[in-house]
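To start, the structure itself, in structure tokens.
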Amino acid sequence: MEAQPVIPVAVEWPKSEGVLDDAGLQLWWVTALLESDERHLSAFAMVTAVGSDLLMVTTVLSDRASGTELGARREFVPLAEATLGAGEVEVAAAGVHFSGSQMAGYRLSADLGDGIGFDLTLEPTRPVLFSCATGEFPWREQTTTKQYASGGLAARGEARFGGTTMSVAGSAWYDRQWWATANLGSPRFCWFGLWLDNGDTLSVWDRTVDDESNGLAWATLVRPDGTHVTTPLAPFALTAQPPYETYLGNQVPLGWDLELPGVGMSLAIRQVTVQDDPGRDFFTGALEVEGSMIGAVPLAGRGVSDLIGLRGAYDR
């Protein structure tokens, strides 16, 4: 199947940056890859609203060199104790405050306790990426999900840990996703969000490991001018390079070699560190990317990964 450029249909955007009353489950997901003069850090925040009753809030500050958590906070919060605004993003709960818009930029702050936390500005530098170009794609059991993202955000601010405060800068990915129902079962998938130095941004999914989903593997690419291309891929989630152990002793992939013939790309994706969520089948990684386009044009970039429902799949 040949990849076809399309102009995206913005699914309820920008209205859907804020809370949606008719969503059964909705999330705001941010990972920032940060550097200071001395450290390479990862700042992660995910807020998930389940119906109209409950929020699940996860925030983590990690050292990318060792893969260890410097601080973490994981809480369930009654919706009545949180702030969720409509229109622009306005999410505040369990020490996390995420606010702003694609037009004005975002702010993300988190207090993890014991003097650990971060305060960041996230400046959009690229067009919004709408998954499958329309912002909607099939999920499990005859349901669909809606998703868009802002990749390659310019991140700046401060990180606090170990009794010190340091200036940090880097880049980030913001993902907004929601479903009409909260009954999603136990999905299994591999996902990458990649931002390349040539200005391209990609959202890459492999749902084929989920036996109940009849899923596909595909990539959505948005170019600097906003043009979207959606292209099918060969399944890749379980064709990973040899695994290594996380700080909790679980096996995760070192990386993947990915061919995207529909957009003329070959990418070598290396997982430089992984956040291993205790008690959950959930890994989030920081990625470094190298590769080339047709004509041997070199590519480089960064990215993030989610590996859901795959604990044990990479054990050797």
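Of all residues in region 102-131, those that are over 30 Å from Ala72 (Cβ atoms) and surrounded by 18 or more Cβ atoms within 10 Å (Cβ to Cβ) total 2. The criterion of at least 3 residues that are of a type outside the set (A, V, I, L, M) is met by the following strands (runs of 3 or more DSSP E) wholly inside region 63-112: 69-78, 96-101. Every condition in (1) without any contact (Cβ under 8 Å) to a residue 40 or more places away in the chain; (2) surrounded by fewer than 16 Cβ atoms within 10 Å (Cβ to Cβ); (3) touching a strand residue (DSSP E or B) at 6+ places or on another chain (Cβ under 9 Å) is met by Ser36 except one, and the failing one is (1). Of the numbered criteria (1) β-branched (Val, Ile, Thr); (2) surrounded by fewer than 23 Cβ atoms within 10 Å (Cβ to Cβ); (3) modelled with pLDDT of 95 or more, the one Thr145 fails is (3). For region 200-210, the criterion of a residue being surrounded by fewer than 16 Cβ atoms within 10 Å (Cβ to Cβ) and over 22 Å from Thr59 (Cα atoms) is satisfied by no position.
The values are calculated or read from the model by the stated rules, or taken from the named source; none is laboratory data. Please read these numbers as outputs of a predicted model, since none were measured by experiment. Positions of Cβ are generated from backbone atoms using ideal geometry, with glycine treated the same way; all protein chains shown enter the neighbour counts.
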